[in-house]
Amino acid sequence: MNIRQVTGVDGCPAGWVAVSRHGVWVGSELGVLLDRLAPGIVALDMPIGLGCDPSRGCDTAARRLLGRPRGSSVFPTPTRAALAGRSHARAGDLNAAVCGKRISVQAFNLLPKIREVDRLLAESARWRDAVFETHPEVSFACMNNDTPVVASKKTPAGRAQRQALIAAVFGPHAFPAARASIARADAADDDLADAFACLFTAERIAARRHVTLPDPPPLDVCGLPMRICY
């Protein structure tokens with residue numbers, strides 16, 4: 001597959017930010033955005049396969065790969081049962097009933113987007129086959145000669161390191177051009193950088209050079225693979 005037919009996607013305040021070698025786009029609904037762009041491969045920073053345990057094997061493997069301190073960026077994934085919770089307390093109750101553990105505020109704040117992805121993949125065989133879960137910090141580590149970026153993406157040093165890696169892969173003008181074309185209120189610098197990291201993995205998937213954690217991945221009760229690709 002031509003690498004220009006792939007897309008990296010991350011969540012952002014406006015909904016979703018998608019990056020390809022053609023440009024950058026923002027959309028409030030993932031399905032609408034993907035239908036508009038029609039990529040052959042999508043690497044997405046959002047949990048897909050949901051188990052009955054808050055620590056999926058792929059999450060554990062990603063944390064081990066990243067080590068400290070970046071391993072903490074791989075949040076415990078809510079169980080499928082927690083998707084029904086519309087408040088933090090209720091989602092925590094549902095999660096605890098399955099695995100004995102409640103969910104963090106960070107995990108709860110991801111639930112609307114996890115639900116959206118889960119619904120899209122349930123309704124669309126096309127996107128079910130084309131969308132792969134990834135994690136930007138794992139992708140950045142791969143871009144950095146298999147060395148995790150230690151500085152947080154929220155710090156000036158961390159932003160500079162990640163943007164330098166993006167420049168090395170996609171060219172020095174890729175990030176500045178993308179940044180100039182969308183509003184910061186829609187997608188922050190770290191959202192955009194993470195989308196580029198996802199694009200890096202999408203291109204590896206298209207070229208069949210990617211790594212899958214774990215390989216082969218287990219499937220959840222809906223038949224979705226619980227994996228992180230990079």
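The values are calculated or read from the model by the stated rules, or taken from the named source; none is laboratory data. It should be emphasised that the depicted structure is a prediction, and the values quoted were computed from it without experimental measurement. All Cβ positions, even for glycine, are placed from backbone atoms using ideal geometry, and neighbour counts span all protein chains on display. These accessible areas exclude ligands, DNA and RNA; they are computed on the full protein's heavy atoms, side chains included. Shrake-Rupley method; radii C 1.70, N 1.55, O 1.52, S 1.80 Å.
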| note | In whole Hz, the Karplus estimates of ³J(HN,Hα) for segment 29-35 (6.51, -1.76, 1.60; θ = phi - 60°; x where Gly or Pro) are 10, 4, x, 5, 5, 5, 4
| query | Which shape class applies to segment 39-105: rounded if a/c is under 1.5, otherwise prolate when a/b exceeds b/c and oblate if not, where a ≥ b ≥ c are the square roots of the Cα gyration tensor eigenvalues? | reply | oblate
| query | For helix 57-66, what angle does its Cα long axis make with the longest principal axis of the chain, in degrees from 0 to 90 and rounded to 10? | reply | 40
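From the mean inverse distance of alpha carbon pairs (Kirkwood) and the Cα radius of gyration, derive Rg over Rh for the chain. Each step should come with its number before you reach the end.
Numbers: Rg = 16.6 Å, Rh = 17.6 Å.
Taking Rh as the inverse mean 1/r over Cα pairs, Rg/Rh reads 0.94.
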| message | Give me the percent of accessible area attributable to carbon and sulfur for the chain, probe 1.4 angstrom. | response | 54
| message | Helix-only estimate, please: 222 nm mean residue ellipticity of the chain, summing -39500 (n - 2.57) across DSSP H runs of length 4 or more and dividing by its residues, to the nearest 500. | response | -14000 deg cm²/dmol
| query | How far is helix 189-206 tilted, in degrees, relative to the longest principal axis of the Cα atoms in the chain, given as a value from 0 to 90 rounded to the nearest 10? | reply | 90
| said: For segment 177-230, report the % of Cα-Cα distances exceeding 13 Å. | reply: 68
| message | Using the Cα centre of the chain as origin and beta-carbon charges of +1 (Lys, Arg) and -1 (Asp, Glu), tell me which of Gly15, Gln163, Tyr230 is placed farthest towards the positive end of the dipole. | response | Gln163
| query | In whole Å, how far is the Cα centre of segment 177-210 from that of segment 1-43? | reply | 9
| field | trypsin sites (Lys or Arg not before Pro) restricted to segment 105-196 and DSSP loop, no more than 14 other C-beta within 10 Å | value | Lys154, Arg184
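Let me check something: with ligands and nucleic acids excluded, how do Asp146, Asp10, Asp93 order by accessible area (1.4 Å probe), largest to smallest? Numbers along the way, then the final one.
Values: Asp146 115, Asp10 10, Asp93 75 Å².
Of Asp146, Asp10, Asp93, the descending order of accessible area is Asp146, Asp93, Asp10.
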| Relative contact order of the chain: what whole-number percent is it, with Cα pairs under 8 angstrom and at least 6 residues apart? | 31
| query | Quick one: helix 88-99 against the long Cα principal axis of the chain, what's the angle to the nearest 10°, folded into 0 to 90? | reply | 70
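Per residue, how many Å² of accessible area does the chain show with a 1.4 Å probe?
Details: 10330 Å² over 230 residues.
With the other protein chains kept in place, the chain gives 45 Å² per residue.
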| Is segment 150-204 best put as rounded, prolate or oblate by its Cα gyration tensor, with a ≥ b ≥ c the root eigenvalues, rounded for a/c under 1.5, and otherwise prolate when a/b is larger than b/c, oblate when not? | rounded
